[in-house]
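The block underneath contains the structure these notes are about, expressed in structure tokens.
The values are calculated or read from the model by the stated rules, or taken from the named source; none is laboratory data. Keep in mind the model is a prediction, meaning the values are calculated, not measured. Ideal geometry is used to build each Cβ from the backbone, glycine not excepted, and the neighbour counts take in all protein chains shown. Please note that ligands, DNA and RNA were not included when accessible areas were found on the heavy atoms of the full protein model with its side chains. Shrake-Rupley method; radii C 1.70, N 1.55, O 1.52, S 1.80 Å.
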Amino acid sequence: MDATPNPTSRGWSFQRYFWISVVCAALLGALTLRVGFMPDDYIWLGVWDDVPPPAPLGNTPFDVYRTATGIPEHTHALKQAGVFPWWAVPTVKVSFFRPLGSALYGLDHLLYNRNAVAYQLHSLLWYVGLIMLAGVLLKRVLPTAVGALAMFLFAIHGSHAALLGWLSYRSVLVSMLFGLVGIFFHVEWRERQRKGALAFALIAYVLSLAGGETMMILSPYLLAYEAFSGPGRPVDRVKGLLPFGALMACYFVLYRVLGYGASGSDMYLDAMETPVAWFQAMLIRVPAAIAGLTISAPTDFIMDLSYVPLFTVLGAVGVAFLGLLLWGVWPSMDSSERRTLGWMLTGSFVSTWLASSAFAGSRTLIVPSLGSAVAIAMVLRHAWKGRARTLRSGAVLAGAAVLGLLHIVAAPYVWWQTLDVYSQMQASLDRVQLRYGEALDLKALPNQRLVVLNAPNGVVGIYGSVQWWSLGKPLPKSWWTLSYSLDEQLVTRTGPNTLELALPKGNFLTSVEERIHRAARYPMKQGDEVTFEGLKVRIEETDAGGPKRVSFTFDVPLEDPSLKLVEWKNKKVVPWTPPALGGPPAVVNARVVQ
């Protein structure tokens, strides 16, 4: 579809809308400059600094996104050192093919070392470039007013703050930018038979795939374009997809042969490897994502599973609300707008399912937000054009005003609030390192095994030792965190070298963070054991919800100086003194502040 506007049409030119959107994206994106490094970033920094790791890592300088290889021997070594928790599935795999993203991170490190502001500025440039190229594509497929408004809505979408502020997600921006270039040239090839357009499209797709998996998430837009707007007969549309299909087939084969993918985790899911578990998770994640796309709901709260019923309702409300508004403006759309809306909304909906495979929350919404921005722009534009003519148009205008409040007026606040949370998270990570530094004897630590009974939250449990290593501090022989549970735990000494952790309420291995390394489909049963050099872990009691009581048997008495036992208490790391054998259980609770 050629949507080039009539140069004599009234209103601002697309160029003016274009630069307004770019400036707004740059101003909002500049808020990320106050955000430091996030938890994942410390892995990459340690790798690029060539800090000797506590155990062999899957990450290498040009393959930093290969976090867990799925090789049992590698997993065991990382569990022995405490990089992975003791409950990690031996075959857990979190490995992503992102050589371009890795190289760009290395370029940052080469130029700026650990200057987080420079890293953020680099990401911001990619974001602004993405907005500009999205505008070019939208101008190509939509009339001026709708395309310009869609570009503006996409540029300021509140969910983009979460992705832009988290540096390791830059690979998504890079991959999506080249993916949109590819789609643009695909449209040029199919509709104008532009010489060389197909070659440019394929080159862009290759660069997109080198940046990350986001091209796979974008692919529904391309398929939907051919279904709704592709020129020619159905057979011509199928032929139009053959070059892209051949490229993707080669990519999938290479991806699997090189050992990339995800397994054993509830955070990262592979629809091809575990289709049932993937579908069950999508029934939780997709409604939350749709709620974020349609009514700007704070989807990151879906990390707390108690909010699942609420987000299921909000997702249905969002679909109904936007659907009714589109129905209200449908008669005023021309046929080309309807076709473009059809493939943009279809691409958005399907990409929501694919994007949610990697994570639950606002960081996954940038690809589907392109199509939702088009749908919202259609409503806003046509509701304004047909305002106050009938009762129906008045109702549509009122609904459009609500959309405007949610997606335009509230957007700066969402950006500010999201990045303020990130700033607080970064400050919290620094405080964690300070607390460990206060509690540990750096001279004695290399000859000790550090045993942390309880982590104040899953992020500290996972990344506390990682950041310590990345900063080049002396490492213990092992860094074992026994529990991520935030609830009160009873610690009983059952032998000279054995202690038990028990939960009066709730279960171990049920939180989102705990299930990163062991999915719910790999339950631990009573009697299961995990053995390391110097430590044996045994599941002593379970119920329908999972483990209730776990024992830890060391190779030396608990008072031996080779063991450094600590707990989180009153927001500090403090020494933990084992109770007397046969005495009452001690209580540990990271939440309690006395």
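Computed quantities for the displayed model
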| quantity | calculated |
| --- | --- |
| Other-chain or far-sequence residues with amide H under 5 Å of R518's (modelled H) | V89, D266 |
| Residue-by-residue Karplus 3J(HN,Hα) for the stretch 547-562, coefficients 6.51, -1.76, 1.60, Hz, glycine and proline x | x, 10, 9, 9, 10, 10, 10, 9, 8, 9, x, 4, 7, 4, x, 6 |
| For the chain: relative contact order, % (alpha-carbon pairs under 8 angstrom, 6 or more apart) | 16 |
| Dipole magnitude (debye, nearest 20) for the chain, charges at Cβ of Lys, Arg, Asp, Glu | 1800 |
| Volume in Å³ per residue [convex hull over Cα atoms, computed for the stretch 258-309] | 98 |
| Where only alpha carbons of the stretch 443-588 are counted, the Rg and the Dmax (Å) | 14.8, 45 |
| C-alpha long axis of helix 391-404 to longest principal axis of the chain, angle in ° | 40 |
| Cβ-Cβ FRET estimate between K571 and V257, R0 fixed at 56 Å, reported to 0.05 | 0.70 |
| Euclidean distance of C-alpha centroids, the stretch 112-170 and the stretch 358-419, integer Å | 17 |
| Hz values of 3J(HN,Hα) by residue in the stretch 206-212 - Karplus curve (6.51, -1.76, 1.60), Gly and Pro given as x | 4, 5, 5, 5, 5, x, x |
| Gain in span if fully extended, L107 to R431, counting 0.36 nm per residue against the direct Cα distance | 113.8 nm |
| Per-residue ³J(HN,Hα) for the stretch 106-122, Karplus 6.51 cos²θ - 1.76 cosθ + 1.60, θ = phi - 60°, Hz, x for Gly and Pro | x, 4, 4, 4, 5, 7, 10, 6, 10, 8, 4, 4, 5, 4, 5, 4, 4 |
| Qualifying trypsin sites (Lys or Arg not before Pro) in the stretch 415-451, DSSP loop, other Cβ atoms within 10 Å at most 13 | K443 |
| Surface accessible to a 1.4 Å probe, per residue, for the residues of the stretch 443-588, Å² | 42 |
| For T494, residues with placed amide H under 5 Å, excluding near neighbours | L499, E500 |
| Where GluC sites (Glu not before Pro) in DSSP loops with at most 14 other Cβ within 10 Å are excluded, longest remaining stretch of the chain | 1-272 |
| Share of carbon and sulfur in the accessible heavy-atom surface of the stretch 204-255 [1.4 Å probe, %] | 81 |
| Helix-only [θ]222 nm of the chain, DSSP H runs n ≥ 4, -39500 (n - 2.57) each, per residue, nearest 500 | -17500 deg cm²/dmol |
| The stretch 443-588: relative contact order as a whole-number percent, Cα under 8 Å and 6+ apart | 28 |
| DSSP-assigned coil residues among trypsin sites (Lys or Arg not before Pro) in the stretch 525-594, each with at most 16 further Cβ atoms within 10 Å | K525, K571, R591 |
| Proximal aspartates and glutamates relative to K569, as straight alpha-carbon distance under 14 Å, when same-chain residues fewer than 8 apart are discounted | E438, D487, E488 |
| Loop-located trypsin sites (Lys or Arg not before Pro) in the stretch 454-515 whose Cβ has at most 12 other Cβ within 10 Å (DSSP) | K505 |
| Cα Rg, Dmax, the stretch 136-277, angstrom units | 16.7, 47 |
| Among F508, G472, Q526 the positive-end extreme of the charge dipole of the stretch 461-542 (Cβ point charges) | G472 |
| Placed amide H near G70: partners under 5 Å, 5+ positions off or other chain | V94 |
